[in-house]
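Each remark here refers to the structure printed beneath this line.
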Amino acid sequence: MITKLMVIQKVEENGNVDIFQITSDNFQWTFENRRSKVDSDSEYFPFELNGSINILKRKPGAETKTYSKKEEITFCDDYSVPAGSVVGILYPKNFIPDIIKFKDKPFIPVGFAGQAFFRPPGQIQILYNHLEKRCALIFNIHENICFGFKSVVRKVTDEKFPRNESLYVDNLFDIAINREFLNVESISNDDLKIINETLNQSDIAEVHKTLNELLKAVRSGEKEKSKSLLGKMNTLLTNSSDVAGTLTALADGYRAGDAVGRFIGRVIDYVLL
């Protein structure tokens, strides 16, 4: 891969972050996914850089936030980057993305005369080195862009660390749903007992209907419909609770359940992020 500007954000298990800001007229970067680290490799391995480069190592700014707890890290950041940039988030050993979420920044409402056309400003890729048990999330930026990003990564055993070397992400919610969850046929009223008791949800019928529609859309690969239904779930759940801690406790209660419960828990996790 060739670029002029790359930022590697190396996240530690305790939540600390080191930033490596790399610039050059042109340089090559790669993610070594088929070998282990040796003494001559850099501290941001499996990334490897070739060419005449300038590297500035620094601490993150105030816009970068991490929250670390046992076997889970939440990473949040705001980006304003020029076209052609590459951003790499390097997670700790054995940590892989579980949920990722983006937030658009509002446009300044000046000069929007006539029809406006939009195209995706970049591509997302997840890279894995199974030998080192290291995972990185890559943003390849094609347009000048300002956006917010959040992710939850969870620690997995060596056996569960992905063996595939690369994954282009076209359905963000799929990351949050283990394939075993897609064996769930439907969600019953009884499955929503914890929601009903915790939130005193008056419109539980609408929650029930929306969750089943979301499950069906995810199973059938209907990406836009899944996104729309996730937005609807966000409205239904956040309108019924003023305290984020209530939803956190709710998600924790479902995580300990069966496949249906864990599916519902992941939906709540996504809403919380």
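Derivation of every value follows stated rules applied to the coordinates shown; laboratory data play no part. Everything quoted here is computed from the prediction, not taken from an experiment. Positions of Cβ are backbone-derived with ideal geometry, glycine not excepted, and every protein chain shown enters the neighbour counts.
Things to note:
- Dimensions of the chain along the principal axes, based on C-alpha atoms and rounded to the nearest Å, stand at 62, 55, 34, largest first.
- Dipole of the chain, positive end: most advanced residue of Phe107, Thr157, Asn196 [Cβ charges, Cα centre]: Phe107
- Each Lys or Arg adds one and each Asp or Glu subtracts one; over the other residues with Cβ under 12 Å from the Cβ of Ser42, this totals -3.
- Cα-centre dipole for the chain with unit charges at Cβ (Lys and Arg positive, Asp and Glu negative), debye to 20: 280 debye
- Contact order, relative form, for the stretch 2-169: 27 percent (alpha carbon pairs under 8 Å, 6 or more residues apart, mean separation divided by residue count).
- J(HN,Hα) series, the stretch 126-136, from Karplus relation 6.51 cos²θ - 1.76 cosθ + 1.60, nearest Hz, glycine and proline x: 10, 10, 10, 10, 5, 5, 8, 6, 10, 10, 9
- Per-residue 3J(HN,Hα) values for the stretch 41-56, derived from phi via the Karplus relation 6.51 cos²θ - 1.76 cosθ + 1.60 with θ = phi - 60°, read 6, 6, 6, 9, 4, x, 5, 9, 10, 10, x, 7, 10, 10, 10, 10 Hz in sequence order (x marks Gly and Pro).
- Pairwise label distance in nanometres, His130 with Thr248, each label 7 Å out on the Cα-Cβ vector: 3.6 nm
- Residues whose amide H comes within less than 5 Å of that of Glu32, counting only those at least five positions distant or on another chain, are Phe47, Glu48 (H built at 1.01 Å from N in the peptide plane).
- With N as its number of residues, the stretch 1-87 has a Cα radius of gyration that, divided by 2.2 N^0.38 Å, comes to 1.17.
- Between Asp158 and Asn234, the simple spin-label model (points 7 angstrom out along Cα→Cβ) gives 4.0 nm.
- Along the axis of the charge dipole computed for the chain (Cβ charges of +1 for Lys and Arg, -1 for Asp and Glu, origin at the Cα centre), the listed residues Gly15, Ala136, Ile268 are led at the positive end by Ala136.
- Taking the helices alone, the chain has a mean residue ellipticity at 222 nm of -7500 deg cm²/dmol, built from -39,500 (n - 2.57) per DSSP H run of at least 4 residues and averaged over all its residues.
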